[in-house]
Structure formats: C-alpha cells, structure tokens
1. For region 128-144, how many residues are under 15 Å from the mean Cα position of the chain (by Cα) and at pLDDT 95 or above?
2. For region 37-51, give me the residue count where each residue is within 10 Å of Phe103 (Cβ to Cβ), of a type in the set (Gly, Ala, Ser) and outside any loop (DSSP other than H, G, I, E, B).
3. Looking at region 66-99, which of its residues are on the phi > 0 side of the Ramachandran plot and either touching a strand residue (DSSP E or B) at 6+ places or on another chain (Cβ under 6 Å) or more than 16 Å from ligand 2 (Cβ to nearest atom) (or both)?
4. Output yes when any residue across region 85-92 is modelled with pLDDT under 95, in contact with a helix residue (DSSP H, G or I) (Cβ under 9 Å, 6 or more places away or on another chain) and not hydroxyl-bearing (Ser, Thr, Tyr), and no when none is.
5. Looking only at helices (runs of 4 or more DSSP H) that lie completely in region 72-152, which have at least 1 residues being within 27 Å of Thr208 (Cα to Cα) and of a type in the set (Val, Ile, Thr)?
6. Run down Gly82, Gly105, Gly99, Gly37 and say which single residue is at pLDDT 95 or above, more than 13 Å from ligand 1 (Cβ to nearest atom) and of a type outside the set (D, E, K, R).
7. Can you name every residue in region 223-262 that is of a type in the set (A, V, I, L, M), within 19 Å of the chain's Cα centre (by Cα) and either part of a strand (DSSP E or B) or within 13 Å of ligand 1 (Cβ to nearest atom) (or both)?
Amino acid sequence: MASLTPEGSPTNLAHPMTTPTSPAALSPAATEGDARGGARVSVRGLVKAFEHGGRLIEVLRGLDFDLAPGEIASVVGASGVGKSTLLQVLGTLDAPTSGSITFDGVDVTAMGATRLAEFRNREIGFVFQFHHLLPEFTALENAMMPGLILRMPRRLCAERAAAMLARIGLGDRLSHRPGELSGGEQQRVALARALILRPRLLLADEPTGNLDTKTGRQMHDLFFELNRELGTTILIVTHNDELATKTPRRLRMADGLIVERE
Ligand SMILES: Nc1ncnc2c1ncn2[C@@H]1O[C@H](COP(=O)(O)OP(=O)(O)O)[C@@H](O)[C@H]1O
Ligand SMILES: [Mg+2]
C-alpha cells in the first residue's frame, strides 16, 4: 500500500475501532473548512532508468512540465510507455535517476528518507487501479488509516473519514468490509483514504481501469468535484478517452518524453 509505506505494515496498528465513533456524533463537514489547496509541481529533466538483465532501460528520458496549483490533468500514452513509472517517481515512491521535482519550490529529490516519508504521507494522495484496501478492516477504518499512521487522534481520523465517505456517497457503508462492497464502492473508499489528510497533490493511476462504464463515469465526476471543492492538484493516468478529454489538459507520453500538451 503505497500511501502507507513509511512505517511498515499498517496491519501492525492496534485495531482502529476500539473506541467506535457514531456517525451521528460527527462534527459537520469534515471535508470542508481547512482544505489546503493544491501544490505547484515542477518537473525538470526527469530521467528514470532501470537496470534489467545487465541492460539499462531508460523509461523517462528527460521530462519537463509544470502543474499549476489546483490544476487537473491527465497522462495518456501506450501501454509500457512509462506512465506508472512517472507517477511513482512524482509520488516520491521511487527516486529519479536524474532531474528534479519541486513541490511549491521545495526539491523533493534532495530530501532524506525519513523526511520524504512524512512529506509523502502528508502531501501526496494515491489512487491505484487496484484499491489495495485492507480486507479485515471496514470502509471507515481503511479511510482512517493514513491519519492513524501519523498518530493523529483516533476521533479526528474517524470524523474526517466518515465525512469524506459521506461526501462521496458511502455514508451508509462505513461498517462494510471491502468484500462487502462493490468494485466502484471499493475504489471510492480508496479515494477517501487518499484524501483523508487533504493532500496537496493527488496521483491516480488508471483509477477506473477495473470499473464498468457507468461506475467509471461516476468516479470521474468525483475527481472533478473534489478538485473544485478542495483545490487539490490532480494528475490522472488513464486509458479512458472520455476521462482524458474531460480534463482541461492532457500530457501525452511517447518514447520516454511528453510529446504533446493539449
Ligand atoms: N522496476 C523495473 N525494472 C525494470 N523495468 C521496469 C521496472 N518498472 C517498469 N519497467 C519498465 O518500464 C517501462 C514502463 O513501464 P510502466 O511505467 O509501468 O508503463 P505504463 O504504466 O505506461 O504502462 C516498461 O517497459 C516496463 O517493463
Ligand atoms: Mg501503468
């Protein structure tokens, strides 16, 4: 689970529901109030090479682009072109071979591991094609998890998670485990989990890849609504043309570069 990487397996945590919080006791609108807006992201000369079988594969070959605060953009391109690699590197889950990534002017490629882990947890949310929810935990507990890992007060985590889940239409599914949710609902829980700490950058890698057309469309709408409401900068890798044409900006990747900016 990428967003939960810093402190080892989240299943080592005490069970989050030892002090249950009833939805009725929640403070109003935990999705509002202290939204932090979006990050400005600048990528310069970004190179990522993998060594494989004694051969160096240069996947990213010197990318340059900027994301403005609060911008929502898509990344498109053929399978294997390096879209997931770009997201992993942008999300600081993997270090670039060379080049720089600045986040509101701060060079994240220069950060040490401990600071980087905390930075990532606080500032960047991830949604993947597979939801990576923890099966033994409820929707509410899964969405709370990034806050619990940062040792935020359990009640605050529960309030925020419940409000976010309610915001995305899962207010009546808080106590369901992933196996008791539909694919679209599971993916929405993953989105709530990604947003619980109000990240300033949300990275999504084929977030609707496993959903049917209608459910995928609802998920797209949510991205746009949350972008407007929270001001989060959002970058979505997608094969879905409909989603890609909806984003005001598309970054098309080919041959390890961004070849087209629409
Ligand atoms: N850890 C790795 N080691 C070696 N090659 C890798 C690694 N990760 C990705 N690649 C290669 O990088 C290329 C881009 O992969 P990826 O970013 O997953 O593409 P996309 O998401 O656009 O389909 C592929 O050719 C893949 O085989
Ligand atoms: Mg991919």
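The values are calculated or read from the model by the stated rules, or taken from the named source; none is laboratory data. Just so it is clear, the model here is predicted, and its values are computed rather than measured. Ideal geometry is used to build each Cβ from the backbone, glycine not excepted, and the neighbour counts take in all protein chains shown.
1. Keep residues of region 128-144 that are under 15 Å from the mean Cα position of the chain (by Cα), which gives 128-133, 142-144.
Checking which are at pLDDT 95 or above leaves us with 133, 142-144.
Total satisfying the criteria: 4.
2. Number satisfying all stated conditions: 1.
3. Gly70, Gly77, Gly82, Thr92, Gly99
4. No, region 85-92 contains no residue that is modelled with pLDDT under 95, in contact with a helix residue (DSSP H, G or I) (Cβ under 9 Å, 6 or more places away or on another chain) and not hydroxyl-bearing (Ser, Thr, Tyr).
5. 83-90, 139-149
6. After applying the criteria, what remains is Gly99.
7. First pass over region 223-262, keeping only residues of a type in the set (A, V, I, L, M): 226, 230, 234-237, 243-244, 251, 253-254, 257-259.
Checking which are within 19 Å of the chain's Cα centre (by Cα) leaves us with 226, 230, 234-237, 243-244, 251.
Scanning region 223-262 gives Ile234, Leu235, Ile236, Val237, Leu251.
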